[in-house]
Structures are given as C-alpha cells and as structure tokens.
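What follows is a set of notes on a single structure, which appears directly below.
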C-alpha cells in the first residue's frame with residue numbers, strides 16, 4: 001500500500017507537478033501534461049477504490065473540458081469506462097452530442113466499446129498510455145473482446161440471432177420519412 | 001406522417017398485440033414478443049422525436065428487466081444508444097455490473113460500441129432485427145465504424161498515438177498490488 005501511495009504521490013505532488021509542467025511547456029508540448037493528468041486519475045482511482053486503473057481527459061483548444069475514471073463496480077454500470085465517462089461529461093458540459101475539435105487522452109488504449117464511443121463522438125485524435133494487451137495481462141478483457149470482433153459473427157462467444165427483420169425495417173422507413181429529424 | 005402513425009399503431013394496438021401474443025405463445029416462443037417490444041420502442045422513438053430509430057430490451061428469466069431507446073440527440077450523449085441505455089437501466093435495476101443469465105433484444109444489430117458494452121455486461125445472447133448495413137443505408141455510421149475496427153491502427157480515420165507508456169503502467173502495478181479490489 002505504501003509503495004502505491006508513493007507512486008500516486010509522485011504524480012500528485014504539487015511541486016513535482018509544477019516542475020514537470022514547466023519542463024513540458026519548455027518542450028512546447030502540452031500532450032504530456034494531459035496524459036499525466038489521465039495517469040494521475042487512473043492511479044487515484046485505484047487508491048480510492050472507485051474502480052479499475054483507468055483515467056481519461058477530453059481536451060479542446062488546449063484546455064481540459066472533462067475528466068473520467070472507471071466507475072464500473074462503484075456505480076453498477078459496465079459502460080462506465082474512463083473514456084465513456086469523460087465523453088459523457090464533456091458532452092454534458094458543452095451541451096453537444098459530438099465532440100468535434102476535441103481530443104482524448106486516456107491512460108490505456110481504448111477497448112472496443114470505448115473506441116466505438118470515440119468514433120460516435122467524432123473526436124479528432126486519441127492519445128493513450130498502456131496497451132490493451134497490458135490491460136489483459138492484469139485481468140481485463142480488452143484483448144479478448146478485440147479478438148471476438150475479428151471473428152465471423154457465427155464464431156463469437158456470445159450467440160447472435162437475427163429475427164423479424166421485415167418488421168424491424170418499419171422504424172427505419174419511419175425515420176427516412178420523418179421531417180425535421182436531427183441526424184448524427 | 002399518417003403512414004408512420006399507421007405503422008406504429010399496427011404494433012401498438014392492444015387488440016392486435018393480444019392476438020399476436022397468443023399466436024406467439026401458441027408457438028411456444030417468447031422471442032418474438034420481446035423483439036416486437038424492441039421494434040415498438042424503435043418506432044415510438046422516431047415518432048416522439050427522442051432520437052434515432054432504435055429500441056432494445058434486456059430479458060431475464062422470461063421477463064423484461066429494462067428497456068432502452070436511442071437518446072443521443074435529446075440527451076446530448078453520443079453513448080446513449082438503445083442497447084447501452086437498456087444495459088445501464090438493467091444494471092441499475094438489479095444493482096449489478098454484469099448481466100449474467102440475461103439476453104438482449106435489439107431492433108438493430110449492435111454497433112461496435114454496443115457490442116463492446118454487451119461483452120462487458122456478459123449478456124448470454126443477442127437477438128437483433130435490422131442489419132448494421134441497413135442502418136448505414138439510412139445514414140448511420142455503423143458499417144463505417146466496423147470497417148475502421150478491421151483496419152490496422154495506423155490506417156484508421158482517427159489518429160492514435162501511444163505516449164508515456166512507462167508512467168501509465170504505474171496504475172496497473174498499483175491495481176495488481178491492491179488488496180480487496182473488485183475484479184470485473
């Protein structure tokens with residue numbers, strides 16, 4: 001526990017933070033600062049027991065718009081990954097449903113769910129720290145789910161069945177005919 | 001508009017609903033009933049203007065636990081797809097972060113984000129109506145995003161950059177050392 005605290009403090013210490021901030025700014029790079037914040041969030045999240053070791057920030061015009069940490073177990077929500085939490089918070093703050101001109105810094109390579117969310121949010125760029133394979137090594141399913149995506153539908157671990165396709169199309173026809181809809 | 005209303009009413013009419021319900025039950029199949037509900041939700045969602053033409057229900061032991069509709073534009077949340085909304089609602093209702101022994105009925109084949117959410121939620125089975133390619137034909141990005149997933153990282157439309165990987169690993173080490181953590 002003490003070693004974990006030391007690791008966390010090395011990121012959280014205001015003095016070290018300021019030194020690092022100046023160093024990074026001298027390098028004309030804000031990227032490290034934003035990633036350091038995502039990493040700090042991931043560390044703090046482990047120590048606080050809120051959820052898994054993941055943190056993310058959404059950045060627009062050189063400023064952090066919103067932050068997110070993994071809250072799957074603490075909020076009973078399997079979709080509450082750091083990136084999804086950060087995206088939802090950023091959209092709520094900006095009152096938008098697409099984050100054009102924004103970038104995301106995440107302490108770990110996005111899992112398929114989060115990568116999908118990033119595409120729907122139309123973020124400009126993804127910066128990440130750990131690889132999905134690193135996450136798999138400590139017990140998370142990221143690589144397994146990526147492998148599932150690469151398989152033909154019929155060979156995946158969760159069975160998939162199509163049914164009532166003709167009836168289901170009715171809603172798509174209704175959407176096409178609807179006036180004044182908001183496309184996304 | 002009148003045609004859309006007629007389409008919707010054909011699903012919503014209590015008389016027809018009861019007749020269909022009896023027919024389906026005679027066939028010893030509840031599946032059609034649950035899918036019909038997902039389709040009804042998708043139609044109602046277009047008519048109410050809440051969002052896209054998508055609905056989903058989570059089922060456990062032959063009962064609907066929770067429902068979801070697409071609320072992307074109405075709630076400023078790009079992650080508010082029907083499946084994600086239904087999964088979050090089901091987890092909240094059951095106070096769990098995994099939906100073991102549950103199935104999802106969705107009016108359209110899940111997009112990559114929703115498929116990822118389904119894997120994290122550990123649902124047993126997926127039933128769907130429309131294909132992702134049908135959704136693409138009416139302007140949604142499902143197929144585009146699936147194509148992005150199939151490409152090598154460096155060839156995707158959103159640039160991906162790894163950085164500070166050594167520092168990021170600190171949170172993973174902290175997670176490994178943490179006593180009493182809740183794995184998922």
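Here residue B:47 meets each of (1) within 15 Å of residue A:171 (Cβ to Cβ); (2) within 13 Å of the chain's Cα centre (by Cα) with one exception, condition (2). The single residue among A:88, A:156 that is at pLDDT 95 or above and facing chain B (nearest Cβ under 8 Å) turns out to be A:88.
Kindly check whether there is at least one residue in region A:99-111 that is surrounded by fewer than 18 Cβ atoms within 10 Å (Cβ to Cβ) and at pLDDT 95 or above.
Pass one, region A:99-111, residues surrounded by fewer than 18 Cβ atoms within 10 Å (Cβ to Cβ): A:100-101.
With the extra rule that they be at pLDDT 95 or above, the set shrinks to A:100-101.
Yes; the residues of region A:99-111 include at least one that is surrounded by fewer than 18 Cβ atoms within 10 Å (Cβ to Cβ) and at pLDDT 95 or above.
Only residues that are part of a helix (DSSP H, G or I) and either free of Cβ contacts under 8 Å to residues at least 12 places away in the same chain or within 7 Å of chain A (Cβ to nearest Cβ) (or both) were counted across region B:91-113, and they come to 4.
Residue A:75 meets each of the listed conditions (1) over 22 Å from residue B:91 (Cα atoms); (2) out of contact with any helix residue (DSSP H, G or I) (no Cβ under 7 Å at 6 or more places or on another chain) apart from (1).
For residue A:172, the criteria (1) touching a helix residue (DSSP H, G or I) at 6+ places or on another chain (Cβ under 7 Å); (2) under 30 Å from residue B:181 (Cα atoms); (3) crowded, with 16+ Cβ neighbours inside 10 Å hold in every case but one, which is (2).
Here residue B:82 meets each of (1) more than 7 Å from chain A (Cβ to nearest Cβ); (2) under 27 Å from residue B:182 (Cα atoms) with one exception, condition (2).
Part of a strand (DSSP E or B) and at the interface with chain A (Cβ under 7 Å from one of its Cβ atoms): is that true of residue B:116 in this structure?
On the way: part of a strand (DSSP E or B): no; at the interface with chain A (Cβ under 7 Å from one of its Cβ atoms): yes.
Taking the combined requirement at face value, the residue does not satisfy it.
Scanning region A:52-82 for residues that are more than 10 Å from the chain's Cα centre (by Cα) and in a strand (DSSP E or B) yields a count of 6. Name, by its number, the condition in (1) facing chain A (nearest Cβ under 7 Å); (2) surrounded by 14 or more Cβ atoms within 10 Å (Cβ to Cβ) that does not hold for residue B:161. Result: residue B:161 passes all but (2). Residues in region B:128-144 that are surrounded by fewer than 23 Cβ atoms within 10 Å (Cβ to Cβ), in contact (Cβ under 8 Å) with a residue 12 or more places away in the chain and not in a loop (DSSP other than H, G, I, E, B): 3 in all.
Residue B:151 fulfils the conditions (1) closer than 30 Å to residue A:38 by Cα; (2) in contact with a strand residue (DSSP E or B) (Cβ under 7 Å, 6 or more places away or on another chain); (3) more than 7 Å from chain A (Cβ to nearest Cβ) except for a single criterion, (2).
The values are calculated or read from the model by the stated rules, or taken from the named source; none is laboratory data. Values in this document were obtained by computation on a predicted structure and should not be read as measured data. Every residue, glycine among them, receives a Cβ derived from its backbone with ideal geometry; neighbour counts consider all protein chains shown.
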